[in-house]
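J.: My structure is below; once you've seen it, I'll send some questions.
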Amino acid sequence: FEQVIFMDPGVAFGTGNHPTTRLSAQALEMVMQGGETVLDVGTGTGILSFIASVFGAKEVLGMDFDPQAVNAAINNLNAQKNNEMINQLIDAQKIRFIENDLLKGIDQTADVIVANILPHILVDLFSDAHKLLNDNGYLILGGILNEKASFIEEGIETHNFEIYQKTQMREWVNYIVVKGDMD
């Protein structure tokens, strides 16, 4: 089925055309069954939050360090009046955007955490993500150039995650990871 999401990027990143956004959107489509709580780290315009919403998320929290990005996401949220699935979340106050430094201070557990941000910043959220991710949950990692893949894979292994899927589009790599066995 097709859903329309209206986007005005303003000064924030995320129109949906960049390979990293597309890869993260594909990853969301793959892992979401409906009813998930989703954390969108580095939300930018909110595009991945909106995509998670139309894939049936029951609750979405988008966060970004940049206040201008949070403003862009909130403005884009207000532009979704014609999307019934997103409107249900708006009406239930189950989709929101906040200014935050990665996952620091967040206590909301999640079934899916998506982060489409720079690799050297991604590794700083692994520890908090491991703590907040529900068992059988998925961490989606985007924004990674091919040459940074081994750096990210080291971080994945160090923080007791396992690679569930690795996809590539042009020079960009995306990972879906799960918590490793807690032997």
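The values are calculated or read from the model by the stated rules, or taken from the named source; none is laboratory data. Everything numeric here is computed off the predicted structure, so don't read it as measured data. SASA here: full protein model, heavy atoms, side chains in, ligands and nucleic acids out. Shrake-Rupley method; radii C 1.70, N 1.55, O 1.52, S 1.80 Å.
J.: Distance cut-off 31 Å, Cα to Cα: go down the list LYS131/LYS166; LYS148/LYS179; LYS81/LYS148; LYS58/LYS131; LYS81/LYS166; LYS94/LYS131 and report the pairs above it.
T.: Working: LYS131/LYS166 22 Å; LYS148/LYS179 21 Å; LYS81/LYS148 39 Å; LYS58/LYS131 20 Å; LYS81/LYS166 34 Å; LYS94/LYS131 22 Å.
Listed pairs above 31 Å: LYS81/LYS148; LYS81/LYS166.
J.: Could you pull out every whole DSSP H run in the chain that spans at least 15 Å of Cα extent along its own axis and averages -1.0 or higher on the Kyte-Doolittle scale?
T.: Numbers: long enough: 19-31 (18 Å, 0.15); 67-78 (17 Å, -0.10).
Flagged H segments are 19-31, 67-78.
J.: Assuming a ≥ b ≥ c are the square roots of the Cα gyration tensor eigenvalues, decide whether the stretch 15-135 counts as rounded (a/c under 1.5), prolate (otherwise, with a/b larger than b/c) or oblate. Don't jump to the answer; show the numbers that get you there.
T.: Values: a/c = 1.36, a/b = 1.24, b/c = 1.10.
Here the stretch 15-135 falls in the rounded category.
J.: Tell me, what is the per residue accessible area of the stretch 142-183 in Å², probe radius 1.4 Å? Each step should come with its number before you reach the end.
T.: On the way: 2540 Å² over 42 residues.
On a per-residue basis, the stretch 142-183 sits at 60 Å².
J.: A further question on this structure: Relative contact order of the chain: what whole-number percent is it, with Cα pairs under 8 angstrom and at least 6 residues apart?
T.: 22
J.: Per-residue ellipticity at 222 nm for the chain, helices alone: DSSP H runs ≥ 4 residues times -39500 (n - 2.57), over residue total, nearest 500 deg cm²/dmol?
T.: Mean residue ellipticity, 222 nm, calculated: -9500 deg cm²/dmol.
J.: Share of the chain's accessible area from carbon and sulfur, percent, 1.4 Å?
T.: On the way: 4160 of 8970 Å².
The nonpolar share, carbon plus sulfur, comes to 46 percent.
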